[in-house]
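As C-alpha cells, the structure follows; a few thoughts come after it.
No value in this document is a laboratory result; all are computed from the given coordinates. Since the structure is predicted, the reported quantities are computational estimates derived from the model, not experimental observations. Backbone-built Cβ (ideal geometry, glycine too); neighbour counts: all protein chains shown.
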Amino acid sequence: MPTVHITRKTHFNAAHRLHNPQKSDAWNEAAYGKCNYPNWHGHNYDLEVTIAGEPDPETGYVMDLGRLKEIIHEAIIEPCDHRNLNLDVDFLEGIIPSAENLVVAFWRQLEPRITDARLVSVRLWETERNVAEYRGQ
C-alpha cells in the first residue's frame, strides 16, 4: 500500500511575549524588539498538522480527519485559543513561546494522541509570512 500524507489546518488567536527572564531588559529588547513589549502582543495563528500512513482498505482513510480535528482541538486549540501563552497554558510553562518552541511543544502534545497514523509535521504560521515547522527530529 502507498503511504499518503494528509494535513488538517486550523486557527487560533493568542497573546504572548518573547522574554528570557535570565537576561537583562536591554538584552531582551535587543533580541526580541516589538515582540518583547511588557504588555504582550497577539497573533492570529494558523496551525497545520500532517500525518502519514496507508489508507485503510475498508474506509480509504489514513485517519478520519474528524478525529484528527478533535485531537488538535483537545491538545492545542482548547488550551491555547484566546489565551496568554506565557501565563495560561500549563504545557508551555517555562518555555519562551516563539513559533519555533511552540511547534516542538505542540508536537509533544499531539504525538501520543495520534495512534492510527504517524505524525509527520507541525507547522505554525505566526503571520502570513512567518512559519515554523517541526518534523520530530
Hey, what do the phi angles of segment 114-128 turn into as Karplus ³J(HN,Hα) couplings, whole Hz, using 6.51/-1.76/1.60 and θ = phi - 60°, x for Gly and Pro? 9, 10, 8, 7, 10, 5, 10, 7, 10, 10, 10, 8, 7, 9, 5
Those aspartates and glutamates that a straight Cα-Cα span of less than 17 Å connects to K34, excepting residues fewer than 8 apart in one chain: D25, E126
Hydrodynamic calc, the chain: Kirkwood Rh from Cα pairs, then Stokes-Einstein at 4 °C with viscosity 1.567 mPa s, so D in µm² s⁻¹ is 81 µm²/s
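Find me the longest stretch of the chain that has none of the exposed GluC sites (Glu not before Pro), where exposed means in a DSSP loop (not H, G, I, E or B) with at most 14 other Cβ atoms within 10 Å.
Free of exposed loop sites, the longest segment is 1-57.
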Given H placed on each backbone N at 1.01 Å, which residues far from R83 in sequence or on other chains put an amide H within less than 5 Å of it? A15
Counting DSSP beta bridges in segment 4-134, what percent are antiparallel, to the nearest 5? 90 percent
The ³J(HN,Hα) series, computed from each phi in segment 9-16 with the Karplus coefficients 6.51, -1.76 and 1.60 at θ = phi - 60°, rounded to the nearest Hz and given as x for glycine or proline, is 10, 9, 9, 8, 10, 7, 9, 7
Name the lysines eligible as straight-distance cross-link partners of K69: C-alpha to C-alpha under 17 Å, and not fewer than 8 places from it in the same chain. K9
